[in-house]
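Written out below as C-alpha cells is the structure these notes cover.
The values are calculated or read from the model by the stated rules, or taken from the named source; none is laboratory data. Because the structure is predicted, anything quoted here is derived from the model rather than measured. Cβ placement follows ideal geometry from the backbone for every residue including glycine, while neighbour counts extend to all protein chains displayed. To get the accessible areas, we keep the full protein, side chains included, count just its heavy atoms, and leave off ligands, DNA and RNA. Shrake-Rupley method; radii C 1.70, N 1.55, O 1.52, S 1.80 Å.
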Amino acid sequence: MAAPRVAECLVNGVQTRAVSVRDRGLAYGDGLFETILVRHGKATLADLHFQRLARGTQILRLPVDLSLIRSEVEQQAMRLGDGLLKLTVTRGESLRGYAMPQQPQVTRILQSSALPSYPPQHAEQGIRLYPCATRLGDQPMLAGLKHLNRLEQVLARSEWQDSIHAEGLVRDLAGNPIECTMSNLFIRLDDRWVTPALDRCGVRGVMRDFLIEQLAAQGDAVEQRSITFDELLRSNEVFCCNSVFGVWPVVALEDRQWSVGVHTRTIQTLAKQVLN
C-alpha cells in the first residue's frame, strides 16, 4: 500500500488540522503522545505503545477510551501502509488556569506522515554522540512517561547542527547518563547489558521495553540501574534505540571510541525482526 500524498490529520476522528486555542495540550503540555512506526499496514510494537499510553493516562488522570483510540490507529495504519503515526492525547479545552476541568473532554489527534529517511551508515557503521550540556530535571511522578513537556529534549537537540553527530547524550542533574535526545541508551559492562534506571527522569521507550523482554527470555537479563559517566566511558559496547530507527551502535563520544560489537549486532537483529 502506498503512503498518502500529503500528511493526514484526524482530530477526534474528523479530518482537520484545527485544534482549539484553549486546548490544555497547547497551553500546558497537559497530555501524552506516541510515535508509532507503521509497516505493511500494521502498527509495530502496538501492544507496548498502548501499555505505555495506558500507564500515562492513569498517572495524568486522563479519561480516555483506549479501545476507540486503538481502533483509529489500526484503521489509519491500514490506510497509510508504510509511514509514521503520531498519536497525541490532551485533556482538551478549559478556561484559563491550571485547575483541571471537572469533566474533561479529551482531545485525540492522529497525524500520519512518510517514513523518515535516516542514513543507512548510522546502523551499519555506528554513530557519534554529542555531549549535551542540557540536563534532565528530577520528577519521579512523570519519569518514564511520553508526556507533552519536551522542552529539555528540544534544548538538548538544539546544541548541535552538524551532520557529524546523529544523536546527543543527555544526563541528569548529577551528571549520570540517562538517555539520548530521542532514544534510550544501553551499555555492555562487565559482560552484561546495563541501561539507566528511569525512576527519576527520562522516557521509558517502547523499543527499550521490547529489548529488555527479549534479552531476558534469552537468558541475558538487562540490569536497570543508575550508570555513572565513568562506567559509560569504560564500557565495551554502547548503542541507542527507539521504536522508529531500531538500534544504532555508538562508536564515539568526544575522544572515547568504541567498536561495533558482536552483542550489539545481535540486538540489531532482534529490532529489525519486529520493525521490518
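Details
- Extension gain, Ala252 to Arg22, is 78.3 nm, computed as 0.36 nm per intervening residue step minus the present C-alpha separation.
- For the chain, calculated [θ]222 nm from helices alone, where every DSSP H run of n ≥ 4 adds -39500 (n - 2.57): -8500 deg cm²/dmol
- Bridges between two residues of the chain, per DSSP, are antiparallel at a rate of about 75%.
- Taken about its Cα centre, the stretch 1-137 carries a charge dipole of roughly 300 debye when the Cβ of each Lys and Arg holds +1 and the Cβ of each Asp and Glu holds -1.
- Note on Gln58 and Ala221: the model spin-label points, each 7 Å out from Cα along the C-beta direction, lie 2.3 nm apart.
- Share of alpha-carbon pairs per 5 Å distance bin for the stretch 171-276, given as whole %: 2, 13, 26, 27, 21, 9, 2, 0
- Between 0 and 90°, nearest 10: helix 206-217 axis offset from the chain longest Cα axis: 50
- The stretch 1-158: C-alpha pair distances exceeding 21 Å, %: 54
- Overall, the chain carries a charge dipole of about 780 debye about its Cα centre when +1 sits on the Cβ of Lys and Arg and -1 on the Cβ of Asp and Glu, all other atoms neutral.
- Cβ charges +1 (Lys, Arg) and -1 (Asp, Glu), total dipole of the stretch 181-276, debye: 240
- For the stretch 70-205, the fraction of alpha-carbon pairs lying more than 17 Å apart is 72 percent, rounded to a whole number.
- Principal-axis tilt of helix 262-275 within the chain, Cα atoms, nearest 10 degrees: 20
- Förster-model FRET efficiency, 22 Å R0, Gln103 and Gln75, C-beta, rounded to 0.05: 0.20
- Projected over every direction and averaged, the convex hull enclosing the alpha-carbon atoms of the stretch 200-251 yields 4.3 nm².
- Between the residues Ile212, Trp160, Leu173, the greatest Cα displacement towards the positive end of the dipole of the stretch 125-228, with unit charges on the Cβ of Lys, Arg, Asp and Glu, is found for Trp160.
- Taking the charge dipole of the chain about its Cα centre, with +1 at Lys and Arg Cβ atoms and -1 at Asp and Glu Cβ atoms, the residue from Leu115, Phe245, Thr264 reaching farthest to the positive side is Leu115.
- Stretching the chain fully between Phe229 and Glu124 yields a gain of 35.2 nm (0.36 nm per residue, less the alpha carbon separation).
- Averaging the sequence gap over all C-alpha pairs within less than 8 Å and six or more residues apart, then dividing by the number of residues, gives the stretch 58-191 a relative contact order of 19 percent.
- Peptides 108-119, 80-91 ordered by average Cβ neighbours within 10 Å, highest first: 80-91, 108-119
- Heavy atoms of Met207: accessible area, 1.4 Å probe, square angstrom to 10: 0
- Here the extension length gained between Ala174 and Arg150 equals 6.7 nm, from 0.36 nm per residue of separation less the Cα-Cα distance.
- Highest-first arrangement of 194-203, 48-57, 176-185, where packing means the average Cβ count within 10 Å: 176-185, 194-203, 48-57
- C-alpha long axis of helix 46-60 to longest principal axis of the chain, angle in °: 70
- Scaled radius of gyration (Cα, divided by 2.2 N^0.38 Å) that the chain gives: 1.02
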